[in-house]
Structures are given as structure tokens and as C-alpha cells.
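Following: one structure in C-alpha cells, then a few remarks.
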């Protein structure tokens with residue numbers, strides 16, 4: 001339950017970061033800043049860094065979803 005709250009808090013933070021990455025021209029026309037799109041990145045300019053992060057993500061997901069939960073022992 002606490003993990004869900006932390007995840008949702010992080011997700012709200014990222015969404016608010018994206019929303020604040022726009023400036024308003026004439027008070028109502030949204031213009032993206034240079035930081036726009038940096039909160040939700042799925043790749044970087046470095047292919048090695050991108051592959052490394054996805055490898056770590058795959059390893060963590062494998063461990064989490066294939067291990068026996070402690071409460072079922």
C-alpha cells in the first residue's frame with residue numbers, strides 16, 4: 001500500500017514537472033521550454049546508457065515477478 005502511494009506521488013511530481021515546462025505567450029498560448037519532455041524520457045542520446053538502464057529494469061522486474069513473496073512462506 002505504501003509503495004503505491006510513493007509511486008503515485010512520483011508520477012504526480014513528473015506530470016507537474018511536464019506541465020510547468022511550458023510558458024504562456026500572450027497569457028494563453030503554451031510554448032514549450034527547453035526542459036519540456038525531460039521528465040518522461042524513454043531514451044537518451046547515448047545508446048549505451050539507454051541499454052544499460054533497460055537492462056537494469058529488466059533484471060529488477062525479473063527478480064520481483066519471479067521470486068516467492070515473503071508472506072507466502
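What follows draws every value from the coordinates through simple rules; no lab data is involved. All of these numbers come straight from a predicted model, not from anything done at the bench. Backbone-built Cβ (ideal geometry, glycine too); neighbour counts: all protein chains shown.
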### Filter pass, residue 6 being on the phi < 0 side of the Ramachandran plot, outside any loop (DSSP other than H, G, I, E, B), surrounded by fewer than 11 Cβ atoms within 10 Å (Cβ to Cβ) and without any contact (Cβ under 8 Å) to a residue 40 or more places away in the chain
yes
### Summary
Note on region 16-43: residues exposed (fewer than 11 other Cβ atoms within 10 Å of the Cβ) and touching a helix residue (DSSP H, G or I) at 6+ places or on another chain (Cβ under 7 Å) are 40
